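Please treat every number below as a calculation from the coordinates, not as lab data. None of these values were measured; they are calculated from a predicted model. Cβ placement follows ideal geometry from the backbone for every residue including glycine, while neighbour counts extend to all protein chains displayed.
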Amino acid sequence: MKCKEVQNRIDFALTGQGVEIPEEFRSHLETCGACSAYLEQIEELAAALESQAEITLSPEEELLLHQEIDRQIDASEAEHQERTLRWVRWIPRIAIPAVAAAALILTIFIPQKSPVTEVLNLTDDELALVYYNLGDIGDDALVQKAAFTQIAQEIDPLDAEDVLEGASDEEIRWLMNNLSMESY
Amino acid sequence: MPDSQNRTEAKIPNSREEFSEFVRQHQNRVFAFLMRMTGNRETALDLTQDTFVAAYEHRAAFRGESAASTWLFQIASNKAKNLLKKLQRETPLDDQLESAPTASDPEGELQQKELVSKVREKLPRLPEKQREAFVLRFYEQMKFNDIARIQGCSVSAAKTNYAEALKKLRRHLLTT
């Protein structure tokens, strides 16, 4: 067994509770003068360090510590609350213009989609009327409907409203603006 | 081994009342550690306050991966490090150490006092990392992996720091 190894074990066996030497090193320590002297020095050092009585707070220091901790936490929480409130106060100033700007951008840049959500298919008679006046205009129900509306308006404007039963005014306007008889 | 060292809290208390109790459980160990690191009672008290305030403010960051005491020592160690860096000194205000009480030992008191003062003289003058590793191991009986966590280094580096400190203290004891 090497002395270096034993001394290394002595170093790491040292704590504030003394030096606990593993059993397997004891026989070496009994026969090796250098290692037993080393252990003695370490024990002496440990005794000197241990004799530094336990460091504790005095009652006055403890009181001061708790008061200061409470004071600092109170101050920190108040500051945090103030910061949050500052944000809350800023929300109307920031959010309202932001929402208005976003709405404006959406209005300008997003293409308008057809407001037509539902197109009712024409009856066979209505479709026959369209074919009679315009010929085959394809299978698109929306186109067929628009065409029929236009024809119906030419025949009798009052009938046109009945034709697009269920369609809103906005839907009718859209159809009228976007589809014309000339395109067929 | 101090009782609170074995206690592994899952979290740092949220309520102020419970937190005060938590402070009471750990205050002396944190204070003693900072006292040994800075060598100054007043500074140690200030840093103890700062440590607990920081622990409360950042309580959500504690995930219970280590004992709460290890986490506290980590904060305390950083506080001490920052202060020492700020003061730009490797040796703390050791004059305050003189006022620390010693255990009474009527037999061979003089020789023992001499020995104690030798050690006291040297301990605060050790390089910061070595002093810290030694204090945590010797006085707090911490495991090296906890010391490594506190020091932000590998376990072998923590062991080296400790062994270096011990070597220097032993040499100082022999030569002076």
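Measuring between their Cα centroids, region A:48-101 and region B:122-150 lie 30 Å from each other. The mean number of Cβ atoms from other chains found within 10 Å of a Cβ in peptide B:130-138 is 2, as a whole number.
Treating r as the C-beta distance of B:S156 and A:A13 and R0 as 25 Å, the FRET efficiency rounds to 0.90. Note on B:K85: lysines with a C-alpha under 24 Å away, same-chain residues under 8 apart excluded, are B:K122, B:K129, B:K159, B:K168.
For the peptides A:65-77, A:81-93, B:137-149, residues were scored by their other Cβ atoms within 10 Å and the scores averaged per peptide; the highest-first order is B:137-149, A:65-77, A:81-93. In a shell of Cβ-Cβ distance under 11 Å around A:T56, excluding A:T56 itself, what net charge do Lys and Arg (+1) and Asp and Glu (-1) give? In short, -2.
Using the Cβ-Cβ distance between B:E42 and A:S36 with R0 set to 45 Å, the FRET efficiency works out to roughly 0.55.
Computed from the Cβ-Cβ distance with R0 of 56 Å, the FRET efficiency linking B:N145 to A:D136 stands at 0.05.
Note on region B:14-91: with charges restricted to the Cβ of Lys and Arg (+1) and Asp and Glu (-1), its dipole about the Cα centre is near 300 debye. A DSSP coil position with no more than 14 other Cβ atoms inside 10 Å describes the following GluC sites (Glu not before Pro) in region B:51-91: B:E65, B:E90. What dipole magnitude, in Debye to the nearest 20, does region A:68-108 give about its Cα centre under +1 on Lys/Arg Cβ and -1 on Asp/Glu Cβ? Charge dipole, region A:68-108, about its Cα centre: 440 debye, nearest 20.
Extension gain, A:F109 to A:A95: 0.36 nm times the residue separation minus the Cα-Cα distance gives 3.0 nm.
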